[in-house]
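A quick write-up on the structure given underneath.
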Amino acid sequence: MSPARKQAPAKKAAAKKAARRKRAAKRPSGPVAAGLLVTPGASADRDSRTLVALEDGLDLPVERITIRSRAARKVHEQLREDMGDFADRLGVEPSELVIGGRSFGGRMCSMLVAAGEPVAGLVLLSYPLHPPGKPDDLRVDHFADITVPTLFVSGTADPFATPEELERHAAAIRGPVEMVWLEGEPHAPRDDAAVVAAVAGWLRH
């Protein structure tokens, strides 16, 4: 193989990275939120490292919750209850909250919003587009029913969704969508500061 051909894949990869950085740097403002309710992944609880980092690093009220069930109906009942309690403490309507979370928790929030629950926006961290190694087993049927501003924050090395896959399927969402990619990070990003910065930048305006 000639040197020119060897360099071509590297140049393409560098161009993709630059494009992702450009999209993140120039992303438009997200929603104004009275508070953020965040949920953990399937095997974690409210004390998940990333959720704690969000509470510590954001300049708005953050409510961390533990999901008590894996059944969507029960999860949605809990989310509605916890959103109502959080909103009451803040003296606002639940529709003024942004909700979301990591992996399974974020997915449950997105399904609730797609079903018509009014919220200010969605924050989806490491969204599990499909199980690792099963790219055809997609969890996107509800995307077209999401109409609120939505932020995705994922690692480029996440086996649950490549950047290309997630960007392609997220185009079905009818609300404004923003993507922030954490270069080289897996499904559980190690750089919590980068996750907090992405969420803070989106909510700040």
Q.
Restricting to the range 58-74, name every residue that is in contact (Cβ under 8 Å) with a residue 12 or more places away in the chain, over 20 Å from PRO149 (Cβ atoms) and out of contact with any Phe, Trp or Tyr (no Cβ under 9 Å at 6 or more places or on another chain).
A. ARG64, THR66, ALA72
Q. On the given criteria, is GLU55 surrounded by fewer than 21 Cβ atoms within 10 Å (Cβ to Cβ), under 16 Å from the mean Cα position of the chain (by Cα) and free of Cβ contacts under 8 Å to residues at least 60 places away in the same chain?
A. yes
Q.
Go through (1) surrounded by fewer than 15 Cβ atoms within 10 Å (Cβ to Cβ); (2) in a helix (DSSP H, G or I); (3) in contact with a Lys or Arg (Cβ under 9 Å, 6 or more places away or on another chain) for GLY201 and report which single condition fails.
A. (1)
Q.
Quick check on my filter: what residues within the range 93-112 are in a helix (DSSP H, G or I), in contact (Cβ under 8 Å) with a residue 60 or more places away in the chain and either out of contact with any Ser or Thr (no Cβ under 9 Å at 6 or more places or on another chain) or closer than 18 Å to PRO176 by Cβ (or both)?
A. GLU96, GLY106, CYS109
Q: Go through the range 146-205 residue by residue and tally those that are under 21 Å from ASP56 (Cβ atoms) and hydrophobic (A, V, I, L, M, F, W, C).
A: 15
Q: Check off (1) within 21 Å of THR50 (Cα to Cα); (2) in contact with a Ser or Thr (Cβ under 6 Å, 6 or more places away or on another chain) for VAL177 and give me the number that stays unchecked.
A: (1)
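Read-outs throughout are calculated quantities, based only on the coordinates presented, and are distinct from any laboratory measurement. Source: prediction; values computed, not measured. Because the Cβ atoms are built from the backbone with ideal geometry, glycine has one as well, and the counts that use them run over all protein chains shown.
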